[in-house]
Amino acid sequence: MSILEVVGVSKLFGALRAVDDVSFTVEAGEIFGIAGPNGSGKSTLFNTISGIPFGPDEGRVVFQGQDLSRLKGHVIARMGLARTFQRETAFDTLSVFENALMGASYGRAARGAGAAEVTEALQFVGFDKAMFRRPAAELSVYDRKCLMLATALAMSPRILLLDEPASGLTKPEIEDSITLIRRIAGRGITILLIEHVLTMLLTLSQRLMVLNQGRMLILGEPEEVVRNPEVIRAYLGDRRRAA
Ligand SMILES: Nc1ncnc2c1ncn2[C@@H]1O[C@H](COP(=O)(O)OP(=O)(O)OP(=O)(O)O)[C@@H](O)[C@H]1O
């Protein structure tokens, strides 16, 4: 059985169908890539799946056999579906540790887990204990992204939605992120990956879906998808901005 089924999902903002009748399934343990030009509906799709901040207007999202479509974001998180955001979100005045603890209290770890899970998640993404007390405001862009990842991992998710983890990173940092995401997948966590950086998408994704104007253009083997002339012309032609 697929771990995630997205069935005819749409999200409307007034007359705009930001996500328009999108359907796909994700298998347990898969890294599933999502590409598409700016404004094609990628982040809105993540919103509708995670319930943060809203679910779909039409269609269904089924996670491990359960329909998420009408559930609140925190309920979905506690079921084991976590996400990160395009912009690094952190409470600047809180410490690195306190930020990740917030994640643990929002997600699955709230059911009896705490400091141990947070410590493990922070160390897993590369923070040593000396960093735990630093305010998030002092972190570099890369470290803020790592903190967002650790916060999500502290929820003990079964599936993780990553929204542009490589944006704003240098080439070596992108390489480090690729390694880290691989290690996360190695823990058995299924990953949905929105990214513009093709090197990351092609290195990590087992399948790649391209959205355009809210609709699925193509879904398939990544190397074939990015060679598809229609994809190159319409969506990826000016996106090869990664090194
Ligand atoms: N809360 C909102 N209210 C109104 N329109 C919105 C809202 N959120 C997104 N949109 C619109 O929905 C469309 C899809 O936006 P979305 O952010 O999902 O695209 P994206 O593919 O993630 O883009 P990018 O690659 O730039 O992050 C865009 O036209 C956007 O302006």
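Values quoted throughout were computed directly from the atomic coordinates according to the rules given, and no laboratory measurement underlies them. Given the structure is predicted, the values throughout are model-derived calculations rather than measurements. Methodologically, a virtual Cβ is constructed for each residue, glycine included, from the backbone with ideal geometry; neighbour enumeration extends over all protein chains shown.
So how far, in whole Å, is the C-alpha centre of the range 183-232 from the one of the range 78-100?
24
Whole-Hz Karplus ³J(HN,Hα) for the range 213-222, in order, using 6.51 cos²θ - 1.76 cosθ + 1.60 and θ = phi - 60°, x for Gly and Pro?
6, x, 10, 6, 8, 7, 9, x, 5, x
Looking at the chain, how many pairs of lysines come closer than 29 Å at the Cα, when each pair is eight or more places apart or spans two chains?
10
Among L193, L94, L68, which one shows the highest mean-square fluctuation when the chain is modelled as a Gaussian network with alpha-carbon springs under 10 Å?
L94
Treat every Asp and Glu Cβ in the range 32-109 as -1 and every Lys and Arg Cβ as +1, leave all other atoms uncharged, and give the resulting dipole magnitude about the Cα centre to the nearest 20 debye.
That gives the range 32-109 a dipole magnitude of about 200 debye.
Step through the residues of the range 75-84 one at a time and calculate ³J(HN,Hα) from phi using the Karplus curve (6.51 cos²θ - 1.76 cosθ + 1.60, θ = phi - 60°), rounding each to whole Hz and writing x for Gly and Pro.
5, 4, 4, 6, 7, x, 10, 10, 9, 10
Considering amide H positions built from the backbone, and no H for Pro or chain starts, which residues 5 or more places from I218, or on another chain, come under 5 Å of its amide H?
It is V210, by chain and number.
With each run of n ≥ 4 DSSP H residues scored as -39500 (n - 2.57), what mean residue ellipticity at 222 nm is computed for the chain after dividing by its residue count and rounding to the nearest 500 deg cm²/dmol? Intermediate values should be presented prior to the final figure.
Details: 8 runs with 80 residues, N = 243.
Calculated at 222 nm, the ellipticity per residue is -9500 deg cm²/dmol.
In the chain, with Lys and Arg counted as +1 and Asp and Glu as -1 at Cβ, which of these residues, L219, V75, G59, has the Cα nearest the positive end of the dipole, that is, farthest along it?
Projecting each Cα onto the dipole axis, the largest value belongs to V75.
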